[in-house]
Amino acid sequence: MNEEHDTGRGFWYGAAAYGMWGLFPLFWPLLEPAGAVDILANRMVWSLVAVVLMLLVQRRWAWIRPLLAQPRRLALVALAAAVVSVNWGVYIWGVNSGHVVETSLGYFINPLVTIAFGVLLLHERLRRAQWAAVGIGVLAVVVLAVGYGRPPWIALTLAFSFATYGLLKKKVALGGMESFALESAAMFPFALGFLVWLQLRGEGSFGHAVDGSSAWAHSGLLMVSGLITAVPLLCFGAAAVRIPLTTLGLLQYLAPVFQFLIGITVFHESMPPARWAGFALVWAALAVLTFDALRRMRADRAALAAAAAATAAVPAAGAAETGGKTSGTIPGTAPAVTR
């Protein structure tokens, strides 16, 4: 019962994480007329403040000293920080420039890009269904490029940068909160220096009233950007240790679904037939991937059950051969040695 309760909690943690990420398009426009780079720099600075406070509360510092003796991992963390900065910046600019639907497309096709990276960089072998999904995804990008009259570069930048970020995090092999703390620390001096430079030029928005709102209100929202970056990550980390990765992988589609719906219903972005066709192809590719993942999960469970049954049969056969002289042993274990 406790395990089922923990799994249920994990599911809701995951749903909360991806749900919050999906609602991000409603937040970034509140920070206008601050520019995307100004917002990005504030997000970097206040993210470090938020994550440090969380680590202080949890007293999670033991991991820092061993990591400082591993320059290669630190370099990978710095590279991951640079890549996610690109992802954040393009996403904020895309949302505040009226391209919410296209930003959602980036996270829809991200799993397909991740699979392509697995083949090209990690030399992984794909199953037929995965090849089919990637092929449909490539066709979708061509159709969308025709529909937009240009390559969907916002979506492609988001998809490739986030896939690269995932690949780097896999190589770093550090916990979510710890990795985020280091990435925030790597970005902090550059972001803070940029904000100071903006203030000296009189172009910074922090501490200034904008669009009739008070300086405190606008500055408070900029500070909250760090908190809303850290909280979903905390929920994601809580979910990752409680539910299977397959379930977590399915939950990831919540974020782009919410973003897509917000783009259409809240910001009223246009969706001509060619874009609907392209999105339909993307969704078809994801349906193929999901079906293949579920089928593979069932097959793995069946194989594990068969292996467990075979293992349990071995001690039972040994007990039968000794004429049942295994009193004092636990069922399913090896017979006790008698002297």
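Please give the number of the condition LEU122 fails out of (1) of a type in the set (A, V, I, L, M, F, W, C); (2) modelled with pLDDT of 85 or more; (3) over 15 Å from ALA284 (Cα atoms).
(2)
Quick one: which helices (runs of 4 or more DSSP H) lie wholly within segment 1-92 and hold at least 1 residues that are out of contact with any Cys (no Cβ under 7 Å at 6 or more places or on another chain), among the polar types (S, T, N, Q) and surrounded by fewer than 16 Cβ atoms within 10 Å (Cβ to Cβ)?
2-22, 36-58
Which of (1) open to solvent by 20 Å² or more (accessible area, probe 1.4 Å); (2) among the hydrophobic types (A, V, I, L, M, F, W, C); (3) in contact (Cβ under 8 Å) with a residue 24 or more places away in the chain is the odd one out, the single condition VAL113 does not satisfy?
All conditions are met except number (1).
Considering (1) touching a helix residue (DSSP H, G or I) at 6+ places or on another chain (Cβ under 6 Å); (2) among the β-branched types (Val, Ile, Thr); (3) closer than 21 Å to TYR18 by Cα, say which one VAL288 fails and leave the rest.
The one condition VAL288 does not meet is (3).
When you scan segment 249-279, how many residues do you find that are without any contact (Cβ under 8 Å) to a residue 40 or more places away in the chain and small (Gly, Ala, Ser)?
Final tally of qualifying residues: 1.
With the structure loaded, tell me whether ALA284 is surrounded by 10 or more Cβ atoms within 10 Å (Cβ to Cβ), more than 30 Å from ALA159 (Cβ to Cβ) and modelled with pLDDT of 80 or more or whether it fails that test.
no
In segment 32-55, which residues are within 27 Å of PHE267 (Cβ to Cβ) and modelled with pLDDT of 90 or more?
Of everything in segment 32-55, those that are within 27 Å of PHE267 (Cβ to Cβ) and modelled with pLDDT of 90 or more turn out to be ALA36, VAL37, ASP38, ILE39, LEU40, ALA41, ASN42, ARG43, MET44, TRP46, SER47.
Somewhere in segment 206-223, is a residue surrounded by 15 or more Cβ atoms within 10 Å (Cβ to Cβ) and more than 15 Å from ASN42 (Cα to Cα)?
Yes; the residues of segment 206-223 include at least one that is surrounded by 15 or more Cβ atoms within 10 Å (Cβ to Cβ) and more than 15 Å from ASN42 (Cα to Cα).
For segment 225-265, which positions are over 24 Å from VAL100 (Cα atoms), of a type outside the set (A, V, I, L, M, F, W, C), open to solvent by 40 Å² or more (accessible area, probe 1.4 Å) and part of a helix (DSSP H, G or I)?
Those that are over 24 Å from VAL100 (Cα atoms), of a type outside the set (A, V, I, L, M, F, W, C), open to solvent by 40 Å² or more (accessible area, probe 1.4 Å) and part of a helix (DSSP H, G or I): THR246, THR247.
Could you say which residue among LEU158, LEU192, LEU167 is among the aliphatic types (A, V, I, L, M), within 15 Å of VAL83 (Cβ to Cβ) and open to solvent by 30 Å² or more (accessible area, probe 1.4 Å)?
Going through LEU158, LEU192, LEU167 in turn, the sole match is LEU167.
Can you report the number of residues in segment 141-177 which are within 30 Å of ALA62 (Cβ to Cβ) and either within 15 Å of the chain's Cα centre (by Cα) or free of Cβ contacts under 8 Å to residues at least 60 places away in the same chain (or both)?
Matching residues across segment 141-177 total 13.
Mind listing just one residue for me: the one in segment 116-132 that is over 20 Å from the mean Cα position of the chain (by Cα) and of a type in the set (Gly, Ala, Ser) and, of those, least open to solvent (accessible area, probe 1.4 Å)?
Residue satisfying both the conditions and the ranking: ALA129.
With respect to the numbered conditions (1) within 30 Å of PHE206 (Cβ to Cβ); (2) among the small types (Gly, Ala, Ser); (3) modelled with pLDDT under 85, which one is the sole condition not fulfilled by SER225?
(3)
The values are calculated or read from the model by the stated rules, or taken from the named source; none is laboratory data. Keep in mind that this is a model prediction, so the values were computed, not measured. Cβ atoms come from the backbone with ideal geometry, glycine included; neighbour counts cover every protein chain shown. For the accessible areas, the whole protein counts, side chains as well, though only heavy atoms, and no ligand, DNA or RNA atoms are used. Shrake-Rupley method; radii C 1.70, N 1.55, O 1.52, S 1.80 Å.
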